[in-house]
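The values are calculated or read from the model by the stated rules, or taken from the named source; none is laboratory data. Note that the structure is a prediction, hence the values are computed from the model and not measured. Backbone-built Cβ (ideal geometry, glycine too); neighbour counts: all protein chains shown. To get the accessible areas, we keep the full protein, side chains included, count just its heavy atoms, and leave off ligands, DNA and RNA. Shrake-Rupley method; radii C 1.70, N 1.55, O 1.52, S 1.80 Å.
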Amino acid sequence: MQSKLIKVAQDARRKAYAPYSKFYVGAALETSNGKIYPGCNVENASYSLTICAERTALFSAFAAGEKDFTHLVVATENGVSPCGACRQVIWELCGEIPITLVNETGVCTETSSSELLPQAFGQQDLGS
Ligand code: THU
């Protein structure tokens, strides 16, 4: 399953719309019922409107009614880690899940949402 997930993330990366940064990112999010949702970054001439690949995958899955996520793969040219904003959203919507960071040739890092965002701010911190 992991190899399929990696392939989906690498393929999604080729769909990225990143004419400004030219940094192409793909993501693949697996659900507990075995579905896979792809995501890519989508930039805008008004730069701050850009959305990252990870959040595209998460919001797309959520919009399809999915709520239970089991694994996230992020594909970049150099296997780098998700940005801080995505880490916060991953924690909110997925809780603790394994995250695999890959490049075009394969796995660079195996990590998890709590490792990427230790001592996360979350729902429990809002009180009653
Ligand atoms: N980007 C992502 O898609 N995910 C990340 O976790 C880091 C950054 C995108 C946003 C922008 O389109 C480009 O990479 C350069 O920052």
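From the list Tyr20, Tyr24, the lone residue that is of a type outside the set (Asp, Glu), over 15 Å from the mean Cα position of the chain (by Cα), within 11 Å of the ligand (Cβ to nearest atom) and open to solvent by 60 Å² or more (accessible area, probe 1.4 Å) is Tyr20. Residues that are closer than 23 Å to Ala120 by Cβ number at least 3 in the following strands (runs of 3 or more DSSP E) confined to the stretch 1-86: 26-31, 69-75. Look at the stretch 64-90: where a residue is among the hydroxyl-bearing types (Ser, Thr, Tyr) and a partner is modelled with pLDDT of 95 or more and assigned to a helix (DSSP H, G or I), sitting 6+ places away or on another chain with Cβ atoms under 7 Å, you get Ser81/Leu116. Tell me whether the stretch 87-105 contains one or more residues that are out of contact with any Cys (no Cβ under 6 Å at 6 or more places or on another chain), on the phi > 0 side of the Ramachandran plot and modelled with pLDDT of 95 or more. Yes, the conditions are met somewhere in the stretch 87-105. For the stretch 98-115, give me each residue that is surrounded by 18 or more Cβ atoms within 10 Å (Cβ to Cβ) and touching a helix residue (DSSP H, G or I) at 6+ places or on another chain (Cβ under 9 Å). Within the stretch 98-115, Ile99, Thr100, Val102, Ser113 qualify. Checking each residue of the stretch 90-97 against the condition of being open to solvent by less than 50 Å² (accessible area, probe 1.4 Å), of a type in the set (D, E, K, R) and away from the ligand (no atom under 12 Å from the Cβ) gives no match.
Ser81 meets the conditions (1) at pLDDT below 95; (2) open to solvent by 50 Å² or more (accessible area, probe 1.4 Å); (3) not charged (D, E, K, R) in every case but one. The failed one is (1). Looking only at residues of the stretch 31-78 that are among the aliphatic types (A, V, I, L, M) and more than 17 Å from Asp11 (Cβ to Cβ), we find that the one that is least open to solvent (accessible area, probe 1.4 Å) is Leu58.
With near the ligand (Cβ under 8 Å from one of its atoms) and either in contact with a Pro (Cβ under 9 Å, 6 or more places away or on another chain) or of a type in the set (S, T, N, Q) (or both) as the only criterion, which of Asn41, Asn33 stands out? Before you say what the answer is, go through the steps one by one.
On the way: Asn33 fails: near the ligand (Cβ under 8 Å from one of its atoms).
One residue alone meets the criteria, Asn41.
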